[in-house]
Amino acid sequence: MIPILGLAAGVLLGLVFDPTVPLWLQPYLPIAVVAALDAVFGGFRARLDGIFDAKVFVISFVSNVVVAGLIVFLGDQLGVGAQLSTAVVVVLGIRIFGNAAAIRRHVFRA
Amino acid sequence: MSDAPPPGTPPPGQSPAGASPADGGAAGPPARPPAAVRRRRNLVAAALIGVLTMLLGFALAVQVRNSDEAQMLAGAREEDLVRILDELASREERLRAQLAEQRAALRELGGSGSRTGTALEDARGRAEALGILNGTLPAQGPGLTLAIDDPSGEVRVSDVIDVIQELRGAGAETMQVDDVRIGLSTAVTGTAGNLRVDGTPLRSPYEFVVLGDPQGMETAMNIPGGVVQRIERRGGTVRIAQSPGLVVDALRPLDRPQYASPGPGG
């Protein structure tokens, strides 16, 4: 319940304030969002599996975002930022798909 | 609100895709803390989860909004982007060249504008003055008309030259005789009764139109023992009339110096 409320509140705030993303953050924000989405999907799936732990969720959320950002930053420094961010998005997307498949099995029993 | 009641014995590794540790919450506490501590911890965890998900929603909305604006370019293919970039680069180059050109022109104009303006004005004034003196421009202004009747043909070349010199000495600025403009190199030739000015025969009465100070010139003409008296002694008559507005419109070609050229220090 709390995550849904928080998500809705955050979306509302973002739409209302409509801030401009600072330039240095622009390459990292989409990656961070995808990483956080991965953590949220993982948490949702763990909840359905009955093994949810708040501590693990929080840590995985933060570390996901930080690690994804670091990878993209490193890629930027190496000159392969675009490719590495693609790689990060692909990996996280696969994980999100896997978690979504598990959630689907839980919800639809199929 | 009952988000985080960890089950007593979690089945680790049983989930189909739970291989990665960052999956989120695939762990269970083996030892149970006291109830109060657990409750407080749950509250903190719930708050943290709320804050994190709110951040996620916020970032999501901002990012979606943001990429909306850049969507046109972000959705373009690489070749298109390269082409657009090329176009922009060449356009920038063109504009830069144009800018430099305009800047140079502006500097040139700004530097020389006032200078050429005054110089042009100066030169124009000088050319007009020289043109009037030289007889290449028509002139108008106050002055006098002077008609010499010479019925007996006794007025000589020297008399006409004297008239001209006296008039110049009295401040005449430019004049004409019988539609011949008197300039610097004007020559009076011929014999008495058959005078020529610059080759053009004069016919009595010789009519001078002179621009200058009328009063001063008339006084100079009528001076006792002057040129008018001499002409009258020869049998001619001189009629002088002052006028506030006369026109000297006879022109003479510009005398181009054949041997002299501007010297140093000019």
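The values are calculated or read from the model by the stated rules, or taken from the named source; none is laboratory data. Note that the structure is a prediction, hence the values are computed from the model and not measured. Note: ideal-geometry Cβ built from the backbone for every residue, glycine included; neighbour counts use all protein chains shown. Ligands, DNA and RNA are stripped out before the accessible areas are found, and what is left, the full protein with its side chains, is counted by its heavy atoms. Shrake-Rupley method; radii C 1.70, N 1.55, O 1.52, S 1.80 Å.
Numbers at a glance
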quantity	calculated
Threshold 50 Å², the stretch A:42-85 residues less accessible with all protein chains present than alone (1.4 Å probe)	A:Arg45, A:Ile51, A:Phe52, A:Ala54, A:Val56, A:Val58, A:Phe61
Distance from the stretch A:29-100 to the stretch B:204-245 (C-alpha centre basis), Å	116
Rounded percent of accessible protein surface that carbon and sulfur make up, the stretch A:1-79, 1.4 Å probe	79
Shielding by other protein chains, A:27-33, mean Cβ within 10 Å	4
Accessible surface buried once B binds A (1.4 Å probe; total of both sides; Å²)	3700
Part-to-part distance (alpha-carbon centres) for the stretch B:97-151 and the stretch B:156-190, which is given in Å	27
Under the Karplus curve 6.51 cos²θ - 1.76 cosθ + 1.60, θ = phi - 60°, whole-Hz ³J(HN,Hα) for the stretch B:192-206, x wherever Gly or Pro sits	4, x, 9, 7, 10, 10, 6, x, 8, x, 8, 10, 5, x, 7
The protein assembly as shown: projected area of the alpha-carbon convex hull, averaged over directions, in nm²	40.9
Computed magnitude of the charge dipole of chain A (debye, nearest 20; Cβ of K, R +1, Cβ of D, E -1)	480
Average other protein chain Cβ within 10 Å of Cβ, residues B:41-49	4
Cα-based Rg and Dmax for chain A, where Dmax is the largest Cα-Cα distance (Å)	15.4, 46
Under 5 Å, built H, 5+ apart or other chain: amide partners of B:Glu173	B:Leu211, B:Gly212
Cβ crowding within 10 Å averaged over residues, with B:92-103, B:219-230 ranked highest first	B:219-230, B:92-103
Residue of A:Ala87, A:Ala35, A:Ala54 that the Gaussian network model of chain A assigns the largest fluctuation, springs spanning Cα pairs under 10 Å	A:Ala54
Estimated dipole of the stretch B:138-248 in Debye, rounded to 20 [Cβ of Lys and Arg +1, of Asp and Glu -1, Cα centre]	160
Pairs of alpha carbons in the stretch B:142-266 whose separation is greater than 24 Å (percent)	28
Size of electric dipole in the protein assembly as shown: Cβ of Lys, Arg +1 and of Asp, Glu -1, about Cα centre, debye, nearest 20	3060
Listed peptides B:36-48, A:90-102 by packing density, highest first (mean Cβ within 10 Å)	A:90-102, B:36-48
Descending principal axes extents, the stretch A:19-77, alpha-carbon based, whole Å	41, 26, 14
